[in-house]
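Student: Submitted below is the structure of interest, expressed as structure tokens.
The values are calculated or read from the model by the stated rules, or taken from the named source; none is laboratory data. Treat the numbers as computed from the prediction; the structure is a model and nothing was measured. Neighbour counts are summed over all protein chains in view; Cβ atoms, including those assigned to glycine, are modelled from backbone coordinates with ideal geometry. Areas reflect the complete protein model, heavy atoms only, side chains present, ligands, DNA and RNA absent. Shrake-Rupley method; radii C 1.70, N 1.55, O 1.52, S 1.80 Å.
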Amino acid sequence: MMPSQADVANELMRLARQIAHHNRLYHAADEPEISDAEFDALVRRNAELEAAFPQLVRADSPNSAVGHEVSASPLSKVAHEVRMMSLDNAFADDEVADFVGRVRRFLALGEDEPVALTAEDKIDGLSCSLRYENGVLLRAATRGDGQVGEDVTANVAHIGDIPQQIDCGIEVFEIRGEVYMDKQDFTALNAAQEASGGKLFANPRNAAAGSLRQKDAQVTKARPLRFLAHGWGAASALPGATQQEVMGAIESWGVPISPDLKLCHSVEELLQHYRSISARRAGLPYEIDGVVYKVDRLDWQARLGFVAKAPRWAIAHKFPAERAETVLERIDIQVGRTGKLTPVGRLARVLVGGVTVTNVTLHNRDEIARLGVRPGDRVVIQRAGDVIPQVVENLTRDVERAPYHFPDHCPECHSEAVAEEGEVDVRCTAGLICPAQRTERLKHFVSRSALDIDGLGDKTIDEFFALGWLESPADIFHLHLRRNEIVGREGWQDKSVDNLLASIEARRSPDAARLLFGLGIRHVGVVTARDLLKRFVTLGALRDVVGRENALTEITAIDGIGPAVADALHDFFHEPHNVAVWEDLLREVSPPDYIVETTASAVSGKTVVFTGKLETMSRDEAKAQAERLGAKSAGSVSAKTDLVVAGPGAGSKLKQAAALGIEVIDEAAWAAIVAAAG
Ligand SMILES: [Zn+2]
């Protein structure tokens with residue numbers, strides 16, 4: 001049975017909240033509550049729902065962020081020349097077969113043409129990119145958000161696995177891999193930390209992250225970190241034509257790679273290797289959370305390209321969920337940006353698959369009722385894949401004890417909290433009177449996918465909000481008037497205040513799509529914000545359209561945007577408070593016109609239709625090429641069509657094109673256009 005839209009909307013809301021929450025924990029303190037696999041499972045579930053229900057994509061959709069956000073650490077930032085991608089995940093064997101099937105279809109391979117893939121264990125460490133220029137290690141950077149990481153050059157100088165020089169004979173070569181800590185070294189480090197009263201790390205990955213991301217590289221020096229290469233980033237030349245050849249070259253330069261890297265020639269062989277690694281997992285010196293498969297031929301990798309944030313040519317096959325029993329000690333209620341009350345279960349500490357778990361998500365009132373959980377109950381929790389733990393069973397539900405009463409008042413502002421008809425979530429009804437909702441909105445506004453203001457973290461927002469300095473987003477841009485007051489506060493020095501004010505000033509001309517997303521309008525996620533601005537170019541034009549009678553028609557004419565977005569925009573601009581926030585804000589900032597960069601080509605701005613069988617590429621690949629060249633690909637021929645690319649077997653569309661006098665070219669001519677654009 002298909003889930004109802006309300007169910008899906010609720011689940012998306014829950015996921016956005018969870019993912020943001022765990023992102024924050026991760027980068028704020030290297031103290032996650034959940035494993036990477038559990039986190040991945042959430043991100044993946046969110047992506048699946050968004051793909052199936054594009055009209056329900058949330059304003060705060062977590063889908064555009066890769067991995068974890070860059071922390072507010074004192075390390076300097078480094079932009080990656082080639083984005084550090086994340087990987088799509090597979091959990092079941094048939095998903096691996098599906099992946100290989102997709103690769104075949106995309107490349108339009110014949111049935112008997114073999115597809116070789118490499119398979120290697122996926123180390124649970126911290127991704128790092130090492131840039132060598134003429135063989136000399138110039139810079140090391142963490143993944144960060146995939147586009148901007150942290151400079152850890154001084155830190156990796158103390159990692160023996162990372163050579164300062166390699167004999168590669170290539171001008172620029174970035175080696176990518178994982179910085180990690182062996183299980184034994186992790187246990188010893190935690191024992192030493194405990195003895196000295198220091199902080200304990202949740203797992204080897206966090207120990208590695210905490211040890212590497214140190215302002216003082218001497219701390220890193222004292223920690224036993226290792227490195228394993230699994231790929232590369234920017235490269236002026238490649239020492240091979242396949243994944244395996246390049247990895248072999250990296251190893252020959254003295255950089256360790258996985259001893260379990262194997263070239264496989266069928267799905268069966270991949271799965272066999274997966275099972276072999278899985279059986280040896282506990283005995284491996286390091287933590288792993290799955291096996292990564294990559295298409296071996298690099299020319300195929302190039303054709304397959306990327307979808308959103310992940311390559312089409314690789315997938316991580318994750319190990320299954322792990323479970324444990326513990327006691328649910330307490331249920332806390334958190335209040336979100338939209339007033340939603342989210343219950344979080346606090347557990348007696350328990351180890352699940354090597355990770356200490358103290359919190360579980362309980363989703364909402366109905367979920368608590370379904371599980372029949374009450375504080376004091378013994379529960380089975382699960383980390384899906386190895387990410388957010390959840391309660392899967394209540395072992396003491398038959399024990400006589402009063403049921404848990406979900407609060408009917410907001411724990412932050414004590415206003416009434418209710419669930420609207422047909423909604424699962426209970427919300428604080430106080431709206432912008434509720435301090436929790438107001439601060440959460442401000443936090444969203446400055447978050448990485450929105451305005452991305454460095455140094456304006458959650459704590460600072462709470463602090464300034466409590467002082468009455470931040471009533472609305474525009475007030476962020478008035479903080480410079482309070483410079484002396486801030487300097488006078490504990491924890492602030494001239495330099496830190498100047499840095500904060502500088503990063504605020506740096507946002508006076510923000511990206512219009514980020515600004516729109518940051519306003520937190522329902523259903524206006526990162527992608528929707530971009531699509532709206534691609535069409536309307538300026539925020540002023542967008543607002544004008546919303547005010548017009550034919551707004552619904554104009555807005556829903558955009559591909560992928562439905563009436564829910566149009567309604568949400570209408571509602572937003574008909575609320576006087578929102579208009580005031582909007583106008584105040586636009587007095588402070590002036591976003592430049594939103595113009596999308598594509599490669600200039602003979603088909604830029606044109607509408608292209610592909611029809612018939614394409615011989616050297618799939619339809620998806622052809623469409624992706626068109627988009628890169630600034631063309632729009634359409635499914636049917638009409639008077640708006642500029643060009644038809646026809647392969648053998650093209651039928652009615654070819655006739656229509658002829659009738660309308662539209663230019664028709666073959667696949668070779670299309671390939672020439674693509675090649676000409678570079
Ligand atoms: Zn409230």
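Student: Taking interchain pairs and intrachain pairs at least six residues apart, which have beta carbon atoms under 8 angstrom, with the first residue in the range 421-436 and modelled with pLDDT of 85 or more and assigned to a loop (DSSP other than H, G, I, E, B) and the second more than 10 Å from the ligand (Cβ to nearest atom) and open to solvent by 60 Å² or more (accessible area, probe 1.4 Å)?
Tutor: As it stands, the answer is 425/365; 426/365; 426/408, since those pairs meet every condition given.
Student: Quick one: how many residues across the range 376-386 are at negative phi and modelled with pLDDT under 90?
Tutor: 4
Student: A further question on this structure: I'd like to check something: does the range 526-547 contain any residue that is touching a Gly at 6+ places or on another chain (Cβ under 9 Å) and on the phi > 0 side of the Ramachandran plot?
Tutor: No; the residues of the range 526-547 include none that is touching a Gly at 6+ places or on another chain (Cβ under 9 Å) and on the phi > 0 side of the Ramachandran plot.
Student: For residue 412, are the conditions met, namely being assigned to a loop (DSSP other than H, G, I, E, B), within 15 Å of the ligand (Cβ to nearest atom) and open to solvent by 10 Å² or more (accessible area, probe 1.4 Å)? Spell out the reasoning first.
Tutor: Values: assigned to a loop (DSSP other than H, G, I, E, B): yes; within 15 Å of the ligand (Cβ to nearest atom): yes; open to solvent by 10 Å² or more (accessible area, probe 1.4 Å): yes.
When the stated conditions are applied, residue 412 passes them.
Student: Can you tell me which condition residue 155 does not meet? The list is (1) in a helix (DSSP H, G or I); (2) open to solvent by 10 Å² or more (accessible area, probe 1.4 Å); (3) within 30 Å of residue 246 (Cα to Cα), and all the others hold.
Tutor: Tallying (1) in a helix (DSSP H, G or I); (2) open to solvent by 10 Å² or more (accessible area, probe 1.4 Å); (3) within 30 Å of residue 246 (Cα to Cα), residue 155 fails exactly one: (2).
Student: Let me ask you something else. Return the pair list, or none, for Cβ contacts closer than 7 Å from residues in the range 391-407 that are acidic (Asp, Glu) to residues that are outside any loop (DSSP other than H, G, I, E, B), at least 6 apart or on different chains.
Tutor: Hits for this filter: 393/379; 393/380.
Student: Please verify whether residue 417 is within 16 Å of the ligand (Cβ to nearest atom), surrounded by fewer than 22 Cβ atoms within 10 Å (Cβ to Cβ) and over 31 Å from the mean Cα position of the chain (by Cα), treating the condition exactly as stated.
Tutor: Judged against the criteria, residue 417 is not a match.
Student: Could you figure out which of (1) at pLDDT below 90; (2) away from the ligand (no atom under 16 Å from the Cβ) isn't true of residue 403?
Tutor: Checking residue 403 against (1) at pLDDT below 90; (2) away from the ligand (no atom under 16 Å from the Cβ), the one that fails is (1).
Student: Give the residues of the range 427-451 that are within 9 Å of the ligand (Cβ to nearest atom) and either buried (at least 20 other Cβ atoms within 10 Å of the Cβ) or over 23 Å from residue 529 (Cβ atoms) (or both), sorted by residue number.
Tutor: Those that are within 9 Å of the ligand (Cβ to nearest atom) and either buried (at least 20 other Cβ atoms within 10 Å of the Cβ) or over 23 Å from residue 529 (Cβ atoms) (or both): 427, 428, 429, 430, 433, 434, 435, 436, 437.
Student: Right, another one. For the range 463-573, give me every one of the helices (runs of 4 or more DSSP H) that falls completely inside it and has 1 or more residues that are hydroxyl-bearing (Ser, Thr, Tyr).
Tutor: Because the criterion is at least 1 residues that are hydroxyl-bearing (Ser, Thr, Tyr), the helices (runs of 4 or more DSSP H) in the range 463-573 that meet it are 494-505, 526-536, 551-556.
Student: Of 63, 46, which residue is closer than 23 Å to residue 565 by Cβ, assigned to a helix (DSSP H, G or I) and modelled with pLDDT of 75 or more?
Tutor: 46
Student: Could you please let me know if residue 639 is under 34 Å from the mean Cα position of the chain (by Cα) and not assigned by TED's automatic domain parsing to the domain that holds residue 542?
Tutor: no
Student: For the range 319-339, name all the residues that are at pLDDT below 90 and either closer than 30 Å to residue 272 by Cα or open to solvent by less than 20 Å² (accessible area, probe 1.4 Å) (or both).
Tutor: Residues satisfying the conditions are 319, 320, 321, 322, 323, 324, 336, 339.
Student: Quick one: is residue 373 within 16 Å of the ligand (Cβ to nearest atom), in contact with a Phe, Trp or Tyr (Cβ under 7 Å, 6 or more places away or on another chain) and modelled with pLDDT of 90 or more?
Tutor: Criteria not met by residue 373.
Student: Which condition breaks for residue 458 when tested against (1) over 30 Å from residue 363 (Cβ atoms); (2) of a type in the set (Asp, Glu); (3) in contact with a helix residue (DSSP H, G or I) (Cβ under 6 Å, 6 or more places away or on another chain)?
Tutor: (1)
Student: Hey, among 282, 235, 229, 209, which residue is among the hydrophobic types (A, V, I, L, M, F, W, C) and surrounded by fewer than 14 Cβ atoms within 10 Å (Cβ to Cβ)?
Tutor: That would be 282, the only listed residue that is among the hydrophobic types (A, V, I, L, M, F, W, C) and surrounded by fewer than 14 Cβ atoms within 10 Å (Cβ to Cβ).
Student: Could you check the range 238-268 and list, in sequence order, the residues that are outside any loop (DSSP other than H, G, I, E, B) and either in contact with a helix residue (DSSP H, G or I) (Cβ under 8 Å, 6 or more places away or on another chain) or open to solvent by less than 50 Å² (accessible area, probe 1.4 Å) (or both)?
Tutor: Within the range 238-268, 242, 243, 246, 247, 248, 249, 250, 257, 262, 263, 264, 267 meet the criteria.
Student: Among 144, 149, 110, which is the only one that is assigned to a strand (DSSP E or B) and either modelled with pLDDT under 95 or not assigned by TED's automatic domain parsing to the domain that holds residue 265 (or both)?
Tutor: 149
Student: Say whether the condition of being within 12 Å of the ligand (Cβ to nearest atom), surrounded by fewer than 20 Cβ atoms within 10 Å (Cβ to Cβ) and of a type in the set (S, T, N, Q) is met by at least one residue in the range 393-400.
Tutor: no
Student: Further question on the same structure: Among the residues of the range 549-605, which ones are among the aliphatic types (A, V, I, L, M) and surrounded by fewer than 13 Cβ atoms within 10 Å (Cβ to Cβ)?
Tutor: Within the range 549-605, 557, 580, 595, 596, 600 meet the criteria.
Student: Now a separate question. Considering 616, 641, which residue is at pLDDT 85 or above and either in a loop (DSSP other than H, G, I, E, B) or open to solvent by 60 Å² or more (accessible area, probe 1.4 Å) (or both)?
Tutor: 641
Student: So the check is Cβ under 9 Å with 6+ separation or different chains; which pairs have a first residue in the range 261-290 that's farther than 20 Å from residue 102 by Cβ and a second one that's of a type in the set (Phe, Trp, Tyr) and open to solvent by 20 Å² or more (accessible area, probe 1.4 Å)?
Tutor: From the range 261-290, the pairs are 287/186.
Student: Among the numbered criteria (1) over 29 Å from residue 549 (Cβ atoms); (2) in the same structural domain as residue 543 (by TED's automatic domain parsing); (3) of a type in the set (Asp, Glu), which one does residue 663 miss?
Tutor: In the conditions (1) over 29 Å from residue 549 (Cβ atoms); (2) in the same structural domain as residue 543 (by TED's automatic domain parsing); (3) of a type in the set (Asp, Glu), residue 663 misses (2) alone.
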